[in-house]
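I have placed the structure first, in the form of structure tokens, so that the comments after it can refer back to it.
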Amino acid sequence: MNESNQAQRDYWRTRLAWVERQEQMDLQLGVFGLAAMEALGDISGTNVLDVGCGCGHTTLQLNERVGSGSVVGVDISEKLLEVARRRGSGAIEFIEADAQSHAPQGPYDIIFSRFGVMFFADPIAAFRNLRASTSEVAKLSMVCWQGPEQNPWMTVPNRAAMSLVDLPPRSPDAPDPFSFADSDWVREILEHAGWTNVDVADFRTEVKIGGGVNSRLAALHAYEFSPVKAVVDSDPGIRSDSVVDLMEAALPPHQQDGIVLLPAAARIVTADTYTESRP
């Protein structure tokens, strides 16, 4: 495994918020995964690989849709997979692996991912590897974030914290949640990796931060998943309570009926392995 992939493995090993706040995150992100599943149409009887399956929410949903088919979840984080295996109660196979260099043995009719593909060190190699694990006629459907400016649900609390916390600048070449924001780049990646009929669709909604809670709990939730937390954890001179206070103060204008709602924008990306364009 190369150094970049090892860095990702180490990173996800420490992201315990995904385990501790799994239910809230499922509520927060569920609509995006369902949109990507709907884009596939009827998948009954198919074999599906859920890439970056995390705690298994989408894997369980896919399993309900495949009927006599099967679903395998793959993720780089053993911590997240421990939760997924408990939730799957032994009925679904979950594998710890880096999908960039190792795709569990297929062939798969469907490659699916909800926000699990933006962190590859070499995305072309990753999608080529996934393409090699598919059946002769297969489909891909995945969700990835648009840019920061289109996602106030992330930027509003983070920017409020920046009066106390200096965030490192984003590296344009480093994998992060926004690394697939450029739709032309996503098309190029997939086409170079051997996928065809690539379609990138805009998907916008409002996110209930923390799954539908008041501004204090929403701020705590946002903090746990923010890059701000890593900076605070490494600097004893910054109090986390003070940072959360700043984040909370930015949220009341976006509160409706006691729930914090902010705009979010993603892309539903579909492709297939057909050699000719479909009608």
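Among the residues examined, G56 qualifies as of a type outside the set (A, V, I, L, M), without any contact (Cβ under 8 Å) to a residue 60 or more places away in the chain and touching a Phe, Trp or Tyr at 6+ places or on another chain (Cβ under 8 Å). Which of the residues spanning the range 48-77 are under 12 Å from W18 (Cα atoms) and out of contact with any Ser or Thr (no Cβ under 6 Å at 6 or more places or on another chain)? Within the range 48-77, G54, C55, G56, H57, S77 meet the criteria. Filtered by the rule that a residue be over 16 Å from the mean Cα position of the chain (by Cα), open to solvent by less than 50 Å² (accessible area, probe 1.4 Å) and more than 24 Å from T273 (Cα to Cα), the range 61-94 gives V83, G88, I92, F94. If you go through the range 224-266 and pick out every residue that is within 30 Å of A39 (Cα to Cα), open to solvent by 40 Å² or more (accessible area, probe 1.4 Å) and within 18 Å of the chain's Cα centre (by Cα), you end up with 2.
The values are calculated or read from the model by the stated rules, or taken from the named source; none is laboratory data. Owing to the predicted nature of the structure, the values given are computational and were not obtained by experimental measurement. When we count neighbours, we look across all protein chains shown, and the Cβ atoms used for this are built from the backbone with ideal geometry, even at glycine. Just so you know, the surface numbers come from the protein's heavy atoms only, side chains and all, with ligands and any DNA or RNA stripped out. Shrake-Rupley method; radii C 1.70, N 1.55, O 1.52, S 1.80 Å.
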